[in-house]
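Here's the structure we're looking at; comments come further down.
Read-outs throughout are calculated quantities, based only on the coordinates presented, and are distinct from any laboratory measurement. Since the structure is predicted, the reported quantities are computational estimates derived from the model, not experimental observations. Here the Cβ positions follow ideal geometry from the backbone for every residue, glycine too, while neighbour counts run over all protein chains shown.
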Amino acid sequence: MKHLVLTSAVVLMGWLAADSQAGHRRGGCCEIADCAPACETVAPQYVERQVTRYKCVQTEREVQQVVSRMVPREEKYTYTVMVPVTTQESRKVTCYKPVTREVEYTCNVLVPVTTNEKRTITECQTVRKEVEAQVTVMVPKTVQQTRKVTYCELERREEQVTVPVCRTVQEQCTDNCGNCYTCCKRVVENQTVTRVVCVPVHRTKEVTYNVTICEPQQQTVKRVVCELVPTTREITVPVTRCETQQRTLKRTVCEMVPETRDVTVNVVTCKAEQRTGTRTVYECNRETVTRKVLVNEMVPYTETIKVQVCNTCCH
């Protein structure tokens, strides 16, 4: 709150100082509309004036503050605990015991009975017979055809080629002692020789050869076909049917017979007990303490500034 009041005071003083300087600047006669055309402009002059300004200074102050502190203390308390207690009790229970016995019952049974009966059946017999049929037969025929074929022949030609030839030449040589002797040296010379080469030449000729082709022809042939002819006759077959008959049978059934007996069971009950314990309780104590804080204050100071004065006069 103190910082807010100081800041508002500084802003208000700044507005007042700016307004006073603006009033000084507006005090010249050049701003009057009636004498503006008759004013004479001279060189600007400055005068010194003292103005009061404010600056922000941080100072340390001691302030009183209320502080809450949690103070622990131990206290005793009483609580109730449910303790389980097991006791044995005798109780009567009913149990069911399975007992088996035989009982008679009547049921219907399907008994198979076989009898001979006459039935009419139809059989198919295979009958073979010859029939005429028109078929198409491919008859082979040989004809001659002429075609052009390309073949390759080797043609012998003579060519002039240059080959290296080695021959032995005798020369006079001198050894280290100055004696002369005859030695043989091999000399390589190029000679032109004629050789025969075979060059393949492609040629075309007409040849005649036999070609076998097939021509279709219609012919009448005889075939043996089989036909199924149905024949009816009577036969005797055994037929089995099921007849219903009543019969008396025995079966074993199981019945549950109740039986009462005494049993001892454990019964758990809860008993309340009072117990005493210790716990830590925190209490809030409020106390006043002195603390040092930094406070921003606006400190006034005086400063000399130069202000321009309008020295124009009106005639």
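For the stretch 172-248, state what percent of all Cα-Cα pairs lands in each successive 10 Å bin, counting from 0 Å until the bin that includes the largest distance.
For the stretch 172-248, the binned pair fractions read 7, 9, 8, 8, 7, 7, 7, 6, 7, 6, 6, 6, 5, 5, 3, 1 percent.
Output wanted: per-residue J couplings in Hz (rounded whole) for the stretch 197-204, from phi through Karplus 6.51 cos²θ - 1.76 cosθ + 1.60, θ = phi - 60°, x for Gly and Pro.
10, 9, 10, x, 10, 8, 9, 10
Considering only V165, V188, C152, whose Cα is most displaced toward the positive end of the charge dipole of the stretch 128-203, charges sitting on Cβ of Lys, Arg (+1) and Asp, Glu (-1)?
Positive-end residue among those listed: C152.
With contacts defined as alpha carbon pairs under 8 Å and 6 or more residues apart, what's the relative contact order of the stretch 2-309 in percent? List each step's numbers first, then the result.
On the way: 532 pairs, mean separation 136.7, N = 308.
Computed value for the stretch 2-309: 44 percent relative contact order.
Under 17 Å between alpha carbons, and skipping anything fewer than 8 positions from K205 in its own chain: which lysines qualify?
K148
Please work out the Cα center distance from the stretch 146-165 to the stretch 195-248, rounded to the nearest Å.
With the stretch 146-165 and the stretch 195-248 each reduced to a Cα centre, they are spaced 58 Å.
What shape does the stretch 32-166 have by the C-alpha gyration tensor, where a ≥ b ≥ c are the square roots of the eigenvalues, rounded means a/c under 1.5, and otherwise prolate means a/b greater than b/c and oblate the rest? Display every interim value, and only then the final one.
Working: a/c = 3.45, a/b = 1.30, b/c = 2.65.
It comes out oblate by the Cα gyration axes.
At q = 0.06, 0.12, 0.13 Å⁻¹, what base-10 log of I(q)/I(0) does the Debye formula yield for the stretch 2-309 when every alpha carbon is treated as an equal point scatterer in vacuo?
With one equal scatterer per Cα and no solvent, log10 I(q)/I(0) is -0.77, -1.26, -1.39.
Using the Cβ atoms and a cut-off under 14 Å, what net charge is assigned to the surroundings of C198, where Lys and Arg are +1 and Asp and Glu are -1?
Numbers: positive: R156, R157, R195; negative: E153, E155, E158, E159.
Charge balance in the 14 Å sphere: -1.
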